[in-house]
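Input: a single structure, listed below in structure tokens.
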Amino acid sequence: MSATSPLLGTCQAVGERQGVRLWGPLDLTLGRGRAVHVQGANGSGKTTLLRTLAGLRRPAAGRIVHGGPTWFIGHATPLADELDARSNLRDLLDLHQAEVDAARIDAWLTRQGLPARRAVRQLSAGQRRRITLAPLWLAPRPLWLLDEPFDALDQSTCEALARWSAAHLAGGGAIVLSSHQSLPAGFPRCDVLRLGAAAPATRPAGQELTP
Ligand SMILES: Nc1ncnc2c1ncn2[C@@H]1O[C@H](COP(=O)(O)OP(=O)(O)OP(=O)(O)O)[C@@H](O)[C@H]1O
């Protein structure tokens, strides 16, 4: 991985579900400092695209190439209901071979005002979402793939994530995200990748990409 090599590339990648094409052929080169906002109506294939970019699904055709370590944060929260926030974070980080010591996890939870020792089933949807996003802060990786990251977050947390995203891009990272909502104040300028026919643009695009 060099300082100038792309963090993600797709070559004629096609996404299908049950033999029906959702998007593609898609040629995308995601360099450092760049963000792409995937837009589209329900069912247009945003989640399928992000999971494919993350390597969790094979494209029906074409290739996906990663240029560095990646965080994929999906729409569904991957937390174990009966475990507390600290144990969930520990497991999540271990699962992805991210080395973060326990003191750092605890300090982050305290700073966030999140209860470290309460079963996550007792937490609100927004609190759970914040725990799910914690790896972005705790174990930085250059490429973020975020499926509806603002879902359930309050305004100040959305704006904190926007500021962190801006810092991430300024530091040489890259982001692909889907969001039904307008991006929060402070979120960096994005190219727009529009899937399906009926999806409206939600903010001025840096560049329109063709799926
Ligand atoms: N596990 C699955 N098996 C079969 N088809 C699926 C599966 N998951 C999604 N699909 C289909 O794939 C298409 C795209 O779904 P996807 O979840 O990628 O869309 P989306 O744009 O993320 O939608 P939303 O905005 O509602 O989250 C939909 O028609 C959906 O019914």
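Scanning region 48-59 for residues that are under 14 Å from L146 (Cβ atoms) and crowded, with 19+ Cβ neighbours inside 10 Å yields L49, L50, L53, A54.
Yes/no per residue for (1) in the same structural domain as K46 (by TED's automatic domain parsing); (2) on the phi < 0 side of the Ramachandran plot; (3) among the aliphatic types (A, V, I, L, M); (4) not in a helix (DSSP H, G or I):
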position: D91; (1), (2), (3), (4): no, yes, no, no
position: A98; (1), (2), (3), (4): no, yes, yes, yes
position: R111; (1), (2), (3), (4): no, yes, no, no
position: L114; (1), (2), (3), (4): no, yes, yes, yes
position: R117; (1), (2), (3), (4): no, yes, no, yes
position: A152; (1), (2), (3), (4): yes, no, yes, yes
position: A162; (1), (2), (3), (4): yes, yes, yes, no
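Taking region 52-104 as the range and being in contact (Cβ under 8 Å) with a residue 60 or more places away in the chain and not aromatic (F, W, Y) as the test, the residues that pass are L53, A54, H66, G67, G68, P69, T70, I73, G74, H75. Looking across region 17-43, the residues that are open to solvent by 60 Å² or more (accessible area, probe 1.4 Å) and within 15 Å of the ligand (Cβ to nearest atom) come down to R17, Q18, G19, V20, R21, N42, G43.
Against the definition (more than 14 Å from the chain's Cα centre (by Cα), modelled with pLDDT of 95 or more and more than 25 Å from A167 (Cα to Cα)), how does A119 come out, yes or no? It is true that A119 is more than 14 Å from the chain's Cα centre (by Cα), modelled with pLDDT of 95 or more and more than 25 Å from A167 (Cα to Cα).
The values are calculated or read from the model by the stated rules, or taken from the named source; none is laboratory data. Bear in mind the structure is a predicted one, so any value in this text is a computation, not a measurement. With ideal geometry, Cβ positions are generated from the backbone for all residues, glycine too; neighbour counts draw on all protein chains shown. Accessible surface is based on the protein model in full, side chains and every heavy atom, while ligands, DNA and RNA are left aside. Shrake-Rupley method; radii C 1.70, N 1.55, O 1.52, S 1.80 Å.
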